[in-house]
Amino acid sequence: MSEEAFISGPYNHSKASISKTMGLVMLALVPATVFGWYQFGLPTIFLFVITILTALLAEAIALKMAGKPVRTFLMDGSAILTGWLLAMTLPPWAPWWIGVLGAFLAIIIGKQVFGGIGQNLFNPAMVARVALLISFPLEMTLFTSPAPLYSQHSPDLMQSLAITFPGLLTEAQSLDGYTGATVLGYLKIEIGRGVDLQQALGSTEPLWNTFWGNIGGSMGETSAILILLGGLFLLYKRIITWIIPVAMLGTLGGLATIFHLVDPQTYIGPMTHLMSGAAILGAFFIATDLVTSPVSVRGQLVFGAGCGLLTFAIRTWTGYPEGVAFAVMLMNACTPLIDHYLKPRIYGRDKKGQPLIYNEEGGKS
Amino acid sequence: MKILDQMKLFKIRGGVHPEDCKNFAAEQGIVDLPMPPLLHIPLQQHIGAPAQPLVKRGDLVKKGQILARSQGLVSAPVHAPTSGRIMGIGGYPAHHASGLLIRTITLKPDEKDQWGKLPAVASDPFQLLPQQIAQRVADAGIVGMGGATFPSAVKLNLRKRYHIDTLVINGAECEPYLTCDDRLMREKPGDVLDGIQLMGHALGVKSTIIAIENNKPQAQNAMFNAAKDFPDVKVVGLPTRYPMGSEKHLVQTLTGKETPARGLTADLGIVVHNVATALAVHEALRFGNPLISRVMTVSGQAIKKPANIRVLIGTPLSHLVDFCGGFVSELERLISGGPMMGQPLPSTRVPVIKGSNGLLALTVDEAKSGEQMPCIRCASCVQACPCGLLPLEMAANIKAGSLDASVNIGLLDCISCGSCAYVCPSHIPLVQYFNYAKGELASRQQVQHKQGETKRLAEARTARMEAIKKAKREAMLKRKEEMKRKKEQEAKKQKEQAEKQQEDKVEASV
Amino acid sequence: MISAILILATLGITMGTLLGIASKYLAVEGNPLQQEIEEMLPGSQCGQCNYPGCTPAAEAIANGDAAITICPPGGKALVESLAEKLGVSVELSDVEEKIPTVAYVHESLCIGCTKCFKRCPTDAIIGGSKQIHAVFADACTGCEKCYDVCPTECIEMRPIQPTLQTWYWPLPNKEGEKMAKAA
């Protein structure tokens, strides 16, 4: 028998483990990621690989400095997942140092300084994205139209290396020939100029394209259907519950519907809101991040609704066309408060925590 | 197609669905164990005060003879499982994770297995008064045999303080590996039903529900057929879920009502008893037999031949293990009970007690302990908890030393079922944190109590000292007074004497 | 600018005056904190804190002259409650949990000198002059005063053994220990 003297039960276990959870999330992201590689070609692949490798490196450095066992924590898959999610939200042709800096920020500042896995207050990928967005607005908003692999527009190996490592191999190339705004970005500018929304919408991609993904944006913003499939896979595997995605998308869609009905010229309609930007990615993969979301059902409802509300508010009334990252981070800050006040009802007690009382006829008081 | 009594069932929150692993022993019929060379019968195999021994070293006893009587209201007597000689009464390793000693009677069987004089049985126990039935159950030493070991007679007497209208028989056996109740229901449905009805009569209930999980269809059939002729006894199938066997959750499934916190199911008018307890009641009331044996499941992949065995109370577990062929693979854990709530045992020297429903020999693969990682706040434990608690928060508070904070979020409502630790992806031993905290709080309460007593004693002593000092002072004052008075008297006397002398002198000179 | 200076000066003077009046008329008499702390201490006047009794110790703790970890019989539970009362934070791992002990008189060595029972603060020792003494284990607090004075050294401080009723599960292996072993 094993030497450890007093180990209490239970002595069997479900097969759950951290690496299994992380692995399943990564599996759910695979369809959208591969599609993104296809859509945007080799530079995207380079950026993706660079981001993830840097995330692993940053995690290893931090663990070593903290004196924790490096191998155990690297193998749990959380660093890879953070890097992957971050790469999904970066512009696909961003230079290499965006990926490196972002991964370092995400792992070191977003996770390790709080105490490592399970201790962070904010979603690490979002911390990095927001920091990069504020510090390097130009590079972070330079989106391209799709240039599918093997098509004419797709850059070849030398060109891709030039895009990802500008100034290192060749002269920094101008990307003007490739750039295109995202749907939300374009609409914001047009509304700002006072152009009629219906007209503006007409000159953007048809909604169908947004759904399938033939539009510009970051890897995670393009194909709504593939992200949705990934999210449904996670639901099926019970890694996440339906509460946060439904609450977030429901609130976003609901608010969009109300405002669009009131003034169709100024407010973007619900389908566009839901299909574009990182709404679906945010609802299924980012807001549902296990560490930073509330633990009770009521808490998750409030959290999801808050994310949806803030996303709508930021998209509509602020200078940023995309609000998911900020919205999620703001709600992450509220999570401890939500957890403190919205606890589940204990068996045998009422909502206030007092023991239940049954009156004579058997009814509950 | 089996037809059971239909009844509206309610859902319980949380719960888990472990692999039931009952196939190892489910088809093994109950066999009797050959007599072991020595029996060790602890004086406390129940909740409540230990029994008081009535025999001493060297006594010869007969089978069924009382060895120790119950002490107080919540207690149970202990009887001799076979005839033989008392070898001694002393400390022996207890059937407990700690390995500490407990006062135990050691009996050497004389191979004759002779019954002693048993109490007279009524020809029709249903004619007895409820308190008479309860008294006979108490005299037979019957305790809850699902593992809780609460004295059954006390539970039967609840009708005095509560209005009881339903008796629920817990045939759920939700723990993996265990099949003893399943086999009992399949092999002796008539006897079990008789015991159930006797208990129902003792409680004065209007209806009886026998609840059996759906993974035991043969047992459901057997009990349904036995109960066919009794309209007030219903046999109901339960969804297979852990912890369906927890009496609070069983009652919630059947009635939709939650037992109030810190209360009993009797508050809802329901009393729950185990299947094996019912059989023991049947034996006691029909034959006068005290509780001296029980059926146990021996299972796990590290044991050669899993079986369901009828053992005498006090049989050393090593005897059981040998009967089942011994250990075959590397034994990782030896557990009393089921894998979810069972206790680890220090060795096989310990005896079988009234509450042992299973002995599990688990291999490394079965025990499935993983490397412990930090909590990732995935809330799987919150989803799994059948009591609506927050295991992750409670464990975090306990780890940080704030036990009071963990009590505020519901530590004392935890039933230690283990569902949370079962699902935790980080393999955190949540239940151990809670058990530690409950023990630590109890220990601090004892310390508080002791401090109160100490203060009282110290104050009493100080008061005593003061009283002594005061008495001394008063005595001193009194003596001073005495001295003063004496001195005055002396002075007066001297004065008188001096005067007298003067007078004498004057007379002499005249 | 002059007006700003005047306004701020007036505000300062007004608030200062108000505070002075409050400190005079709303002052708290004595120190109720000391009373409350004394209630929390064990009260056996054992002197292990190096103060002559629980009252002076409570006074010292209330004044901040003594640390809240000075009372060994109180153990971690007392430190935690004192920390909560005084609103200070304390590193619980520094507190030594003294193993509770109970005095035991070895009767073969006892000469009946009565020195021990006269010193016992809870009257836990019974016995008379020239008679064997014995200890009521339930009343003994392990303060060791008897142990200090016994001339024949017949008193032994025995640790209290756990029984089945007092045993409980220990804290699980700290993950840090296990992790460190793996590193």
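If R0 is taken as 56 Å, the Cβ-Cβ distance between A:ARG345 and B:GLU474 corresponds to a FRET efficiency of 0.25. Looking at region B:1-30, the trypsin sites (Lys or Arg not before Pro) that sit in a DSSP loop and have at most 12 other Cβ atoms within 10 Å of their own Cβ are B:LYS2, B:LYS8, B:LYS11. Computed from backbone phi, the HN-Hα couplings of region B:228-237 come to 4, 7, 10, x, 8, 10, 10, 10, 10, x Hz, rounded to whole numbers (Karplus: 6.51 cos²θ - 1.76 cosθ + 1.60, θ = phi - 60°; Gly and Pro given as x). Compared with the alpha-carbon gap, the fully stretched path from B:VAL328 to B:PHE126 is longer by 67.8 nm at 0.36 nm per residue.
Counting only DSSP beta bridges with both residues in chain B, the antiparallel share comes to about 60 percent. Counted by Cβ distance under 12 Å from B:GLY325, the other residues give a net charge of +1, where Lys and Arg count +1 and Asp and Glu count -1. Magnitude of the charge dipole for chain A, about its Cα centre and with charges confined to Cβ atoms of Lys, Arg (+1) and Asp, Glu (-1), is about 1000 debye. Across all directions, the average projected area of the convex hull around the alpha carbons of chain B is 39.0 nm².
Sorting B:SER299, A:SER19, C:SER89, A:SER145 from the fewest to the most surrounding beta carbons within 10 angstrom yields C:SER89, A:SER19, A:SER145, B:SER299.
Each other residue within a Cβ distance under 12 Å of C:ALA137 adds +1 if Lys or Arg and -1 if Asp or Glu, for a net charge of +1.
The residue list C:CYS54, B:SER419, B:TYR177 was ranked by how far each Cα lies along the charge dipole of the protein assembly as shown toward its positive end, using unit charges on Cβ atoms, and C:CYS54 comes out on top. For chain B, the longest principal axis of the alpha carbon atoms and the long axis of helix B:430-509 meet at an angle near 10°.
When +1 charges are put on Lys and Arg Cβ atoms and -1 charges on Asp and Glu Cβ atoms, the dipole computed for region B:375-477 relative to its Cα centre reaches about 780 debye. The simple spin-label model puts a point 7 Å past each Cα toward its Cβ; for B:ALA467 and C:LEU18 those points are separated by 5.8 nm.
Counting only Cα atoms, region C:101-159 measures 25, 18, 16 Å along its principal axes, largest extent leading.
With neighbours defined as other Cβ atoms within 10 Å of a residue's Cβ, the residues B:TYR162, B:TYR436 order from fewest to most as B:TYR162, B:TYR436. Only helices enter the 222 nm calculation for the protein assembly as shown: every DSSP H run of n ≥ 4 contributes -39,500 (n - 2.57), and dividing by all residues gives -13500 deg cm²/dmol, rounded to 500.
With a Förster radius of 56 Å applied to the beta-carbon distance between A:GLN265 and A:LYS352, the computed FRET efficiency rounds to 0.70. For region B:248-289, the list of trypsin sites (Lys or Arg not before Pro) that fall in a loop by DSSP and count at most 11 other C-beta atoms within 10 angstrom reads B:ARG262. Note on region B:266-407: dipole from Cβ charges, positive end direction compared against B:ALA276, B:ASN397, B:GLY338; the farthest Cα belongs to B:ALA276. Build a GNM of chain C with springs between Cα atoms under 10 Å apart, and of C:LEU78, C:LEU26, C:LEU41 the one that fluctuates most is C:LEU26.
Of all segments of chain A bounded by GluC sites (Glu not before Pro) found in a DSSP loop with no more than 14 other C-beta atoms within 10 Å, the longest spans A:172-359. Computed from backbone phi with θ = phi - 60° and the Karplus coefficients 6.51, -1.76 and 1.60, the 3J(HN,Hα) list for region B:396-402 is 5, 5, 5, 4, 7, x, 8 Hz; x is used for glycine and proline. Converting phi to 3J(HN,Hα) with the Karplus coefficients 6.51, -1.76 and 1.60 and the offset θ = phi - 60°, region A:36-43 yields x, 4, 5, 5, 10, x, 4, x Hz in sequence order, with x at every glycine or proline. Taking every full run of DSSP H in chain C, the ones that stretch at least 30 Å from end to end by Cα along their long axis and average 1.0 or higher on the Kyte-Doolittle scale are C:2-25.
Among the DSSP beta bridges whose two residues both lie in the protein assembly as shown, what percent are antiparallel, rounded to the nearest 5? If you can, show how the numbers build up before the last one.
Values: 45 of 69 bridges.
Here the share of antiparallel DSSP bridges comes out near 65 percent.
The loop-placed chymotrypsin sites (Phe, Trp or Tyr not before Pro) in region A:98-165, going by DSSP, that have at most 16 neighbouring Cβ atoms within 10 Å of their Cβ come out as A:TYR150.
Peptide B:113-124 shows a mean partner chain C-beta count of 0 within 10 Å per residue C-beta. Taking the number of Cβ atoms within 10 Å of each Cβ as an exposure proxy, the fewest-first ranking of B:TYR177, A:TYR358 is A:TYR358, B:TYR177. Can you return the lysines within cross-link range of B:LYS160? Criterion is Cα-Cα under 29 Å, with same-chain partners fewer than 8 residues away left out. Reachable lysines: A:LYS364, B:LYS206, B:LYS234, B:LYS248, B:LYS257, B:LYS354. Each label point was placed 7 Å from the Cα along the Cα-to-Cβ direction; for B:LYS484 and C:SER3 their separation is 8.5 nm. Here the protein assembly as shown is treated with +1 on each Lys and Arg Cβ and -1 on each Asp and Glu Cβ, and its dipole about the Cα centre works out to around 3340 debye. Using only Cα coordinates, the Kirkwood hydrodynamic radius of chain C works out to 21.0 Å. Summing charges over all other residues whose Cβ lies under 12 Å from the Cβ of B:ASN357, with Lys and Arg as +1 and Asp and Glu as -1, gives -1. Full extension of the segment from B:ILE47 to B:VAL364, taken as 0.36 nm per residue of separation minus the current Cα-Cα distance, would add 110.8 nm. Positive-end ranking of B:PRO429, A:ALA224, C:MET157 along the dipole of the protein assembly as shown, with charges on Cβ about the Cα centre, is headed by C:MET157. Remark on B:CYS385: its backbone amide H falls under 5 Å from those of B:GLY15, a criterion applied only to residues 5 or more positions apart or on other chains, H modelled at 1.01 Å from N. With a ≥ b ≥ c taken as the square roots of the eigenvalues of the C-alpha gyration tensor of the protein assembly as shown, please select rounded if a/c is under 1.5 and otherwise prolate if a/b is larger than b/c or oblate if it is not? In terms of gyration-tensor shape, oblate.
Summarising the label geometry, the points placed 7 Å from Cα in the beta-carbon direction at B:ALA460 and C:THR166 lie 2.0 nm from one another. Look at where the Cα atoms of region C:52-71 and of region A:244-275 average out, and the two centres are 65 Å apart.
FYI, it's all coordinate maths here, none of it is from the lab. All values derive from a computational prediction rather than experimental measurement. Cβ sites come from the backbone with ideal geometry, for glycine too, and all protein chains shown count toward neighbours.
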